[in-house]
Amino acid sequence: MTKEKIENQLNIIWQTWLVYEDKKNRLSFDYDENFLLKFNMDYNTEMFLSNYYDKLTDSQKQFANNILQTMVEIQNHDNIPSNQ
């Protein structure tokens, strides 16, 4: 498995979680709904946290930080092959 595949799977987990939080009305603030539909340079975990971190609950912050930290660890890991 490559870094890109692992990152893609983490992105799917992030978006699934975000949609679930939205459907359960656990995102009690106004946000750009494109975060629920897209994942690119403008709509990703880091940008969501940059824009809305202070509005998240502690458990939401913890989950989001864990996803982000895992992505960074994958990117920096020397023993996981990359397509690049």
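Could you pull out the GluC sites (Glu not before Pro) across the stretch 28-84 that fall in loop regions by DSSP (anything but H, G, I, E, B) with no more than 14 other Cβ atoms inside 10 Å?
On the way: sites: 33, 46, 73; in loops: 33.
Loop-located and lightly packed - 33.
Along its three principal axes, how long is the chain when you only count alpha carbons? Whole Å, largest extent first please.
40, 23, 19
Using DSSP to define loop residues, name the trypsin sites (Lys or Arg not before Pro) in the chain whose beta-carbon has at most 10 other beta-carbon atoms within 10 Å. Don't jump to the answer; show the numbers that get you there.
Working: sites: 3, 5, 23, 24, 26, 38, 55, 61; in loops: 24, 26, 38.
Sparse-neighbourhood loop trypsin sites (Lys or Arg not before Pro): 24.
For residue 61, give me every one of the lysines with a C-alpha distance below 17 angstrom, ignoring sequence neighbours fewer than eight places off in its own chain.
The qualifying lysines are 24.
What net charge is computed for the residues neighbouring residue 70, neighbours being all others with C-beta under 13 Å from the C-beta of residue 70, Lys and Arg scored +1, Asp and Glu -1? Kindly include the intermediate steps, with their values, before the conclusion.
Working: positive: 3; negative: 7, 46, 73.
After counting each charged neighbour, the total is -2.
Summing -39500 (n - 2.57) over the DSSP H runs of n ≥ 4 in the chain and dividing by its residue number, what mean residue ellipticity at 222 nm do you reach, to the nearest 500 deg cm²/dmol? List each step's numbers first, then the result.
Working: 4 runs with 52 residues, N = 84.
Result for the chain: -19500 deg cm²/dmol, rounded to the nearest 500.
Assign unit charges at the C-beta atoms only (+1 for Lys and Arg, -1 for Asp and Glu), then state the dipole size of the chain relative to its Cα centre in Debye, rounded to the nearest 20.
Working: 8 positive and 13 negative charges, 53 e Å.
Magnitude of the dipole: close to 260 debye.
Heavy atoms only, probe 1.4 Å: what % of the accessible area of the chain goes to carbon and sulfur, would you let me know?
Values: 2650 of 5840 Å².
Result for the chain: 45 percent of the exposed heavy-atom area is carbon or sulfur.
What list of ³J(HN,Hα) couplings, whole Hz, do you get for the stretch 50-56 from phi and the Karplus terms 6.51, -1.76, 1.60, once you set θ to phi - 60° and write x for glycine and proline?
So the Karplus estimates, Gly and Pro as x, are 4, 7, 10, 3, 5, 9, 7 Hz.
Expected output is a single nm value to one decimal: the length gained when fully extending between residue 42 and residue 9, i.e. 0.36 nm times separation in residues minus the C-alpha distance. What is it?
On the way: separation 33, 0.36 × 33 = 11.88 nm, distance 1.83 nm.
Net length gain for the segment: 10.0 nm.
Whole number in Å², please: accessible area per residue of the chain, 1.4 Å probe, ligands, DNA and RNA not counted.
Averaged over the residues of the chain, the accessible area is 70 Å².
Where the centroid of each part is defined by its Cα atoms, how far is the stretch 16-62 from the stretch 64-84 in Å?
First find each Cα centre; the distance between them is then 20 Å.
The values are calculated or read from the model by the stated rules, or taken from the named source; none is laboratory data. The structure presented is a predicted model; accordingly, all values stated were derived computationally and were not measured. Note that we place each Cβ from the backbone using ideal geometry, even for glycine, and neighbour counts take in every protein chain shown. Calculation scope for accessible area: heavy atoms of the full protein, side chains included, ligands and nucleic acids excluded. Shrake-Rupley method; radii C 1.70, N 1.55, O 1.52, S 1.80 Å.
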